[in-house]
Structures are given as C-alpha cells and as structure tokens.
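Accompanying notes for the structure given below.
The values are calculated or read from the model by the stated rules, or taken from the named source; none is laboratory data. Here the structure is a predicted model, which means the values were calculated and not measured. Cβ coordinates were reconstructed from backbone atoms using ideal geometry, including for glycine residues, and neighbour counts include every protein chain displayed.
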Amino acid sequence: MQTFGWPEALFIFRSAGWTLALTAIAFFIGSILGGAFAIMRLSRVRWLRRFASGYILVIQSIPVLMVLFMSYYGLSALGIELPPFLAASASLSIYVSAYLAEIWRGSIESVPRQQWEASASLAHTTAQTYRYVILPQAVRISLPPTVGFLVQLVKNTSIVQVVGFVDLMRAGMLVNNATYQAFQIFTLVGAIYFAICFPLSRLSRHLEKVMNASRSH
Amino acid sequence: MLFQDVLSKWPMILHGVWLTIALSFVAITLGLVLATAMTALRSLAGSWAGYVVDAYVELMRNTPFLVQLFMIFFGLPQLGIRLNGLEASILAMTLNLAAYATEIIRAGVDSIHRSQIEAGLALAMSKWQVLKHVVLQPAFARVWPALSSQFVLMMLASSICSFVSVQELSGTAAIIEQDTFRSFETYIVVTVIYLVLALSLKLFLNWLGHKLFPQVSGLARLTEAHGEAA
C-alpha cells in the first residue's frame, strides 16, 4: 500500500491551482452576470425587475450541488455533454451571479438618492449616471462583502469534485483512496483552503473598517 | 420528458425530504445551543476562552464544509472514533453552523451598549440574569434575520451530506437517477422540492422571529400602538 509522502503532498498542492483557476473563472463570469442582474433588479421596467428577483430568489434557495448536477448529468441526458470543467465553471458562475447581484443591488441602493437627482440635473443619461456617479461610489461600498463572498466561493468550489474534476478536494480524495491516511491528508487539504480563505476574510474585515472610517466623517 | 418515472418513486423522495428536514432541525438546534454557550463563554470566562472560541470560529469559517465532513467521517476513525454517515453529518453540520452562529450572535452582543449591562447590575440582577435578559435576548432579536438566512444556507448545505452516503434528498436523487436514467427529470423534481423547503423554512423562521421577539424595543411598541390608534 502507498503511504502519504512528498509526491502525494505535491500532487495536492498542484491541484490547489485548479481550485484557484475555477474560482477565478466563476468569479469573472459570475460578476458580469451578477452586475447585469443587479442593474435589471433596479430597472424601471417592471418585468425586468421581476425576472431578476425571481432568478436571484430561485438560485439562492437551491443547493449549488443541484445546479451542478443539472448542468452535468441533467444536460447530458438531454444530449448536451459538458466536460466536467465546463459544467463546474458554468454552475459556479450561476451561483456567484445570484449572490453578487444581491450584494451589488444593496450597494447601489445605499448610494444616497440625492446623487441620482444631482446626476439627472446634469442631464446625464441612465448609463452616464451609473458610469460616472453611482458605480464609483457603489463599488467602494460593495468591496468588503464582495471579498467576503469570495471566501464562500473558494469553499464551495470543493463540491465540484463530484463530477470528477480534479481540484484540491478531489486530489485529497484520490490520495486518500490510495493511502487511507485520511487524517493527515484532510488536515493538509483543509490547511491549504485555510491559507487561501483566511487572508481574504481578514482583507474583507479590514476593508470594512476602512470604509466605515471614511463614511463616519 | 417523463416525470412519472421519477414521481412514482415518491415514497423514497418523501423519506429523503424527511431526512433533510430532520438533519437540518437537529443541526440547527444543537448548533444554536453550542453557539450560545460559546458566546457566553467568550464574555464570561477569561481572555483565553475568547482566544479559543475565536480560533475555532476562524478555522470553521475558512475551510469548506466538505473538508470538515470528510475529516470527521474518514479522519476520526484513524484516531479510533468511528461514526456512521448520519452521525458524522449531524456532527459536521452542528460544528459548522455553531461557528457561523457564534459570529452572528457576537455581532448582536457587541451592539448592546455597556450602560445597559451596568443598569442591569445596578438593579441587583445577577451576572446570569444580566446575560440572559439584558444581553442575549435583545441580541438575538437584533440578529434573528441574519441567523435565519444562515439556517437556510445550512439546510441547503445538508445536500453535501450525500457524499458520505446519507440518503437525504440529494442522496435520494442520485439513487433515483441510477434506477430510472431520467437525470434531468430527477434533478428538476428534487430542485423544486429544495426550493419549496427553503422558502417554507424562510417563512417559518420569519414567523418564529415575530413569536419569539414580539417587540424589539419600547420605541417599536410605541409606534405600533400609535399605528393602531390611527
């Protein structure tokens, strides 16, 4: 029987790169979608507003695992075969979009109403108002919760191992199946996740303090 | 699409739903008790207890639930503690929820002003009475919405327990899928059930919040009375 040594640990370390890659892709696509949904949620058109809030409510009320199963096993039953990495990125992006949409909607709404009025009085279009007046302020407000959500995303990437994609979690499971030294292996896997998430958590808390300091003036 | 293949398995689905609800209920109850105890320990015992609780909270909040579950299910037997899938799931969910709830309750406790505690002590209330009536009760009332959404998230995360072969709702889905080969239909049905469960839980927790903490403050009572008069 194989034992848990340096080659195995190295394999686990290398797979952490895939976890980071998946996080980056899901965050990138998810923020584009999420931004669109946040703006739709605040639109003056009623059906757009309804559609966006329905989407956010549904995605936030089902497990990410179900989104993943549907995009991997479900779609393949309908004849659309997505490779594991694509299915994982797609379902995590959907998950990210719903949560970021809600965080960013809150941030946009917390920009004082007078800012909208001032922008309108300068004859800005809606797009110009967002671009030059609202978003620069909303982004500052949204930074701490967005970084906080990034921690949730990194942790949630661990479930994609179920479709066979070799991320950090899957690497740990593969080594465990070969060596049966679960305690040491999952301690290492957990420590790597912690090493990624803890600095982000601290950053989020730090940003919150900095933002609050500037707002209390 | 053939939903009847999936829906004919309704006794299995019902059992899965029951297990998901039971798992979530037990974990939420135990987790809340543990979190309250940790919050009390943090404020009553010396600073060492605070450091231990803080370290625990940070450790649990910055590692995936799946790693925690596997550590308990696969890792503990190596130390001679053997738990079955269901026991491991309950333990992992409880420990995970307790960390998040501790953080949330702490925010509530921090929002209680010092003068409130001093006023309580000045009225000759004991340390425990102050903790219960002056600190914890108002703190819980304030953070109940945040706690509620954490409970819903935990219920959704219970789907991960299917990885240690617990036949809750998503574990049941995997079995039905293998039996019927109707993947898409199976996951649609199960997803809709999760949706209904999550929304019902949200409504129930809202209702429970109103029952448990009827009036948040004297001001709320006052405005409510005026509202009724008008």
Could you please give the count of residues in region A:120-156 that are surrounded by 19 or more Cβ atoms within 10 Å (Cβ to Cβ), out of contact with any Pro (no Cβ under 8 Å at 6 or more places or on another chain) and polar (S, T, N, Q)?
-> 2
Members of region B:126-146 that are over 19 Å from residue B:103 (Cα atoms) and of a type outside the set (A, V, I, L, M, F, W, C) = B:126, B:127, B:129, B:133
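With respect to residue B:98, is the statement that it is touching a residue at least 12 places away in the same chain (Cβ under 8 Å) and over 26 Å from residue B:149 (Cα atoms) true? Steps first, please.
Details: touching a residue at least 12 places away in the same chain (Cβ under 8 Å): yes; over 26 Å from residue B:149 (Cα atoms): no.
For residue B:98, the condition - touching a residue at least 12 places away in the same chain (Cβ under 8 Å) and over 26 Å from residue B:149 (Cα atoms) - is not met.
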Identify all residues within region B:15-36 that are in contact with a helix residue (DSSP H, G or I) (Cβ under 9 Å, 6 or more places away or on another chain) and among the aliphatic types (A, V, I, L, M); write none if there are none.
-> B:17, B:19, B:21, B:23, B:26, B:27, B:28, B:30, B:32, B:33, B:34, B:35
Filter pass, residue A:31 being among the hydroxyl-bearing types (Ser, Thr, Tyr), under 22 Å from the mean Cα position of the chain (by Cα) and under 21 Å from residue B:192 (Cβ atoms) | no
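Residue under question is residue B:129, and the condition is that it be farther than 22 Å from residue B:20 by Cα, free of Cβ contacts under 8 Å to residues at least 24 places away in the same chain, part of a helix (DSSP H, G or I) and polar (S, T, N, Q); does it hold?
Working: farther than 22 Å from residue B:20 by Cα: yes; free of Cβ contacts under 8 Å to residues at least 24 places away in the same chain: yes; part of a helix (DSSP H, G or I): yes; polar (S, T, N, Q): yes.
So residue B:129 fits the description; yes.
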Residues of region B:172-199 being more than 10 Å from chain A (Cβ to nearest Cβ) and modelled with pLDDT of 95 or more, in sequence order, are none
The lone exception for residue A:49 - which of (1) in contact with a Lys or Arg (Cβ under 9 Å, 6 or more places away or on another chain); (2) within 14 Å of chain B (Cβ to nearest Cβ); (3) more than 30 Å from residue A:162 (Cβ to Cβ) it fails = (2)
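Does residue B:168 satisfy the criteria of being more than 25 Å from residue A:157 (Cβ to Cβ), of a type in the set (Asp, Glu) and under 22 Å from the mean Cα position of the chain (by Cα)? Spell out how you get there, then give the answer.
On the way: more than 25 Å from residue A:157 (Cβ to Cβ): no; of a type in the set (Asp, Glu): yes; under 22 Å from the mean Cα position of the chain (by Cα): yes.
Judged against the criteria, residue B:168 is not a match.
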Screening A:178, A:171, A:191 for residues that are within 9 Å of chain B (Cβ to nearest Cβ) and either surrounded by fewer than 18 Cβ atoms within 10 Å (Cβ to Cβ) or out of contact with any Gly (no Cβ under 7 Å at 6 or more places or on another chain) (or both) leaves only A:191
Is it the case that residue B:165 is over 23 Å from residue A:169 (Cβ atoms), among the small types (Gly, Ala, Ser) and more than 9 Å from every other protein chain (Cβ to nearest Cβ)?
-> no
Requiring at least 3 residues that are more than 29 Å from residue B:196 (Cα to Cα) and hydrophobic (A, V, I, L, M, F, W, C), the helices (runs of 4 or more DSSP H) wholly within region B:17-112 are B:47-61
Taking the condition over 16 Å from the mean Cα position of the chain (by Cα), touching a residue at least 40 places away in the same chain (Cβ under 8 Å) and under 28 Å from residue B:6 (Cβ atoms), does residue A:95 pass?
-> no
Out of B:76, B:69, B:59, sole residue that is at the interface with chain A (Cβ under 10 Å from one of its Cβ atoms) and more than 29 Å from residue A:149 (Cβ to Cβ) = B:76
Leading residue by the ranking (nearest to residue A:54 (Cα to Cα)) among those in region A:72-111 that are among the charged types (D, E, K, R) and buried (at least 19 other Cβ atoms within 10 Å of the Cβ) | A:102
Which members of region B:156-169 meet the condition of being of a type in the set (S, T, N, Q), surrounded by 21 or more Cβ atoms within 10 Å (Cβ to Cβ) and in contact (Cβ under 8 Å) with a residue 24 or more places away in the chain?
-> B:158, B:159
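Which ranges mark the helices (runs of 4 or more DSSP H) fully within region A:1-71 that have 1 or more residues being surrounded by fewer than 16 Cβ atoms within 10 Å (Cβ to Cβ) and in contact with a Ser or Thr (Cβ under 7 Å, 6 or more places away or on another chain)? So that I can check it myself, show each step before the final result.
Numbers: elements: A:6-41, A:46-60, A:64-69.
By residue number, A:46-60.
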